[in-house]
């Protein structure tokens, strides 16, 4: 049995990151970790909201419409952080199932958006289910953890927004 020294691999021609780099990326990447957490939290809320007939993605849209004095596409995209196409797809579904009404457009501007009677009823039921889902998570967290987490997420959104602006439009 001969003992030969292992030579370091030549990495100059490799096609991508090695295993250790991929593992480090999965541990350190904010995007990957936020998405992983988001999927778990969404499934948690969805399980509570299902009896109300709404999902964790749809509920904030309904709540934002209900809370706005003049809900518009622009207002919803800004408050929810959604792009127009994502919002349009979600609103089309909510309109199809009878939760929202989209008024006639005035020129290039889409019409005002409102909840239907069915949408208000669903929002009322979903709010009760949301409180139960929220309470279940909060029982596992300390108040200071929640406050700290919310502050971190707000700061992360601000910095991501600044970085996107500094980088400029992508072509």
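Rounded to the nearest 0.05, what FRET efficiency is calculated for residue 165 and residue 28 with R0 set to 25 Å and r the Cβ-Cβ distance? Walk me through the numbers before you get to the answer.
On the way: r = 24 Å, r/R0 = 0.96.
After rounding to 0.05, the efficiency reads 0.55.
What value, in deg cm²/dmol to 500, does the helix sum -39500 (n - 2.57) over DSSP H runs of n ≥ 4 give at 222 nm once divided by the residues of the chain?
Computed ellipticity for the chain at 222 nm equals -21000 deg cm²/dmol.
Note the angle between two axes, namely the Cα long axis of helix 58-67 and the longest principal axis of the Cα atoms of the chain, as a number of degrees from 0 to 90, rounded to the nearest 10.
Compared with the principal axis, the helix lies near 50 degrees.
For the Cα atoms of the chain, what angle does the longest principal axis make with the long axis of helix 143-167, in degrees from 0 to 90, nearest 10?
Computed tilt is about 80 degrees.
Sort 15, 154 so that the residue with the fewest other Cβ atoms within 10 Å of its own Cβ comes first and the one with the most comes last.
15, 154
Could you pull the Cα extents of region 71-153 along its three principal axes, largest to smallest, in whole Å?
Taking max minus min along each principal axis of the Cα atoms, region 71-153 gives 50, 28, 17 Å.
If I build a Gaussian network model for the chain, linking alpha-carbon pairs within less than 10 angstrom, which residue out of 76, 91, 40 has the largest mean-square fluctuation?
Maximum fluctuation in the GNM of the chain, among the listed residues, is at 40.
Tell me the volume per residue, in Å³, of the convex hull enclosing the alpha carbons of the chain. Mind dumping the intermediate values first?
Numbers: hull volume 41.4 nm³, N = 171.
Per-residue hull volume (Cα only) is 242 Å³.
Got the relative contact order for the chain handy, in percent, Cα pairs under 8 Å and 6 or more residues apart?
19
If you average the alpha carbon positions of region 33-68 and of region 90-156, how far apart do those two centres end up, in angstrom?
The two parts, judged by their Cα centres, are 7 Å apart.
Would you mind checking the tilt of helix 117-138 against the longest principal axis of the Cα atoms of the chain, expressed as 0 to 90 degrees and rounded to 10?
40
Every read-out reported here was derived from the displayed coordinates using simple, explicitly stated rules and does not represent laboratory data. For clarity, every value in this text was computed on a predicted model and none was experimentally measured. Counting neighbours? That spans all protein chains shown, and the Cβs are built from the backbone with ideal geometry, glycine included.
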